[in-house]
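Read through the structure below, which is laid out as structure tokens, and then see the notes.
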Amino acid sequence: MYYYIFESAKNSSQKNLQEKIKDYLGFLGIAGETVTVSPARSVEELTQMGLDKKYSTIVAVGGDVLINKVASLIQGTETVLGIIPVGASELINKKIGAYDYKTACENLRYRRTRLLDLAFIEPNKYFLTSANIIANKATPCHIEIDDCNINTNFTQIAISSNLTLMILDETQDGSFFAKTLNWLAGRETPQSNISILKGKKIKIHTTDSVPVLINDEVVAKTPISVRTKFRALKIIVERDKIEKTKNQNK
Amino acid sequence: MFDKNKPIPGPGTVVGANVKLTGTLKDINDITVHGSVDGEVISDKNVLIAETASVKGPVSAQNVTIAGKVDGAINAWQKLEILSTGKVHGSIMSKDLNIRSGAAFNGKSKMLTETNEETSKEKAAKDIKPEAKSLDEKAEKTKYELD
């Protein structure tokens, strides 16, 4: 029923942690087939093997890179994605409601699932975390987001999995003199160099082609089009908790 | 059945200082504008037009605070505040109006009462567009008039 894909351990402490995770899964009674990413077998190959064997749940045990890749391959199928985060980002931890491996394993045992929308860079680069575009200097760009057209300069653009777009222009940070004056007067320097917008479809065009990164891996270059695939992925999340109210205590 | 038109929850919308935006800016949460917007600004909560901002088009929200420049109708079904750096050219409609010393306002003002407050929210979209057109046709600046 469960197929576990472990990230390749980089040192002995990671290896020990992976052993602890396997032991805990056995303790909970949800041990299954475990495979580890290696130079001989990539994440893509291992995930495809799990799909070919028709496992109902494929569990990614590792960081954002592994989780994103497994999610990309599972999306659109009936297979459920489980996650045991090891060194993963806050975004992932929040999505599954688990900040440590024990809680994540317990979530797997209870199997409460949720259908997630998944963002993707056309045609097929899916991501659960965020996509980033980083420029060395202020770069002009034209962005179409639903009914809006935006022209601005940016040094960094981040697109989250729910298609929240953040545009940062560090060159608009304000002069050192202005910042010092604000600091002396006890005022916060207003953060007017950040834009936050939400949409259902985003297109980004830049004058020069700029690489687009997902977890520090280049997946595309501008111009790009980012959309959401609705209910693309079934994922195991934390179960609902019942809280006692004052009336129940009486 | 999942509704693809359901608004996306989360933090509000912010338009940065060096951004030029054309089109309709809509959010169920707060909207803050530091840059330039050519189009409608619509929020279910609060809209802040910052000192560096310039909006050409109608603004509609529960509470609206103007510290920059607005060229268009403003509909605030609770509170409208024009700060000392604010400049408004267009009609305004609100329940609670506060224009600070130093602010500039050219246009008509209508105060909302409890009886017409609810309908003003619904009529916001309809009223704002025809108002904006009529303002464009009138070329002269006038003193503000209270109905």
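Read-outs: derived from the displayed coordinates by stated rules, not from any lab. Keep in mind it's a predicted model, so treat the numbers as computed, not measured. Heads up, the Cβs are rebuilt from the backbone with ideal geometry, glycines too, and the neighbour counts pull from every protein chain shown.
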Could you go through region B:80-96 in sequence order and give the Karplus-derived ³J(HN,Hα) for each residue, using 6.51 cos²θ - 1.76 cosθ + 1.60 with θ = phi - 60°, rounded to whole Hz, and x for Gly and Pro?
10, 10, 10, 7, 4, 9, x, 9, 10, 10, x, 7, 10, 9, 7, 8, 10
Excluding B:Asn63 itself, calculate the net charge of residues whose Cβ lies under 11 Å from the Cβ of B:Asn63, where each Lys or Arg counts +1 and each Asp or Glu counts -1.
-1
Give the calculated FRET efficiency between A:Glu19 and B:Ser101 to the nearest 0.05, with a Förster radius of 51 Å applied to their Cβ-Cβ distance.
0.10
For peptide A:144-153, what's the mean number of Cβ atoms from other chains within 10 Å of each residue's Cβ?
6
Local electrostatic count, A:Val226, Cβ distance below 15 Å [Lys/Arg +1, Asp/Glu -1]
+4
Within 10 Å of each Cβ in A:161-170, how many Cβ atoms from other chains are there, averaged over the peptide?
2
Pop a pseudo-label 7 angstrom from the Cα along the beta-carbon direction at both A:Asn149 and A:Val35 and give the gap in nm to one decimal.
4.8 nm
Counting other Cβ atoms within 10 Å, which trypsin sites (Lys or Arg not before Pro) in region B:64-112 have at most 15 and lie in a DSSP loop?
B:Arg100
Can you grab the distance from the C-alpha centre of region B:36-65 to the C-alpha centre of region A:85-131, Å, no decimals?
36 Å
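Can you pull the mean other chain C-beta count within 10 Å for peptide B:51-58?
Values: counts 2, 2, 1, 0, 0, 0, 0, 0.
That average works out to 1.
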Per-residue HN-Hα couplings for region A:42-59, Karplus 6.51 cos²θ - 1.76 cosθ + 1.60 at θ = phi - 60°, whole Hz, x for Gly and Pro?
7, 4, 4, 5, 5, 5, 5, 4, x, 5, 5, 7, 6, 5, 6, 9, 10, 10
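Using the Cβ atoms and a cut-off under 12 Å, what net charge is assigned to the surroundings of A:Ser38, where Lys and Arg are +1 and Asp and Glu are -1?
-1
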Cα-Cα over 28 Å: which of A:Lys137/A:Lys229; A:Lys94/A:Lys198; A:Lys15/A:Lys125; A:Lys69/B:Lys20; B:Lys20/B:Lys95?
A:Lys137/A:Lys229; A:Lys15/A:Lys125; A:Lys69/B:Lys20; B:Lys20/B:Lys95
Members of A:Lys203/B:Lys26; B:Lys26/B:Lys87; A:Lys200/B:Lys69 lying beyond 24 Å, as alpha-carbon distances in this model show:
A:Lys200/B:Lys69
Can you tell me what share of the DSSP beta bridges in chain A is antiparallel? A percent to the nearest 5 is fine.
75 percent
Would you mind computing, in nm to one decimal, how far apart the modelled labels at B:Asp38 and A:Asn11 are, each placed 7 Å from Cα along Cα→Cβ?
5.6 nm
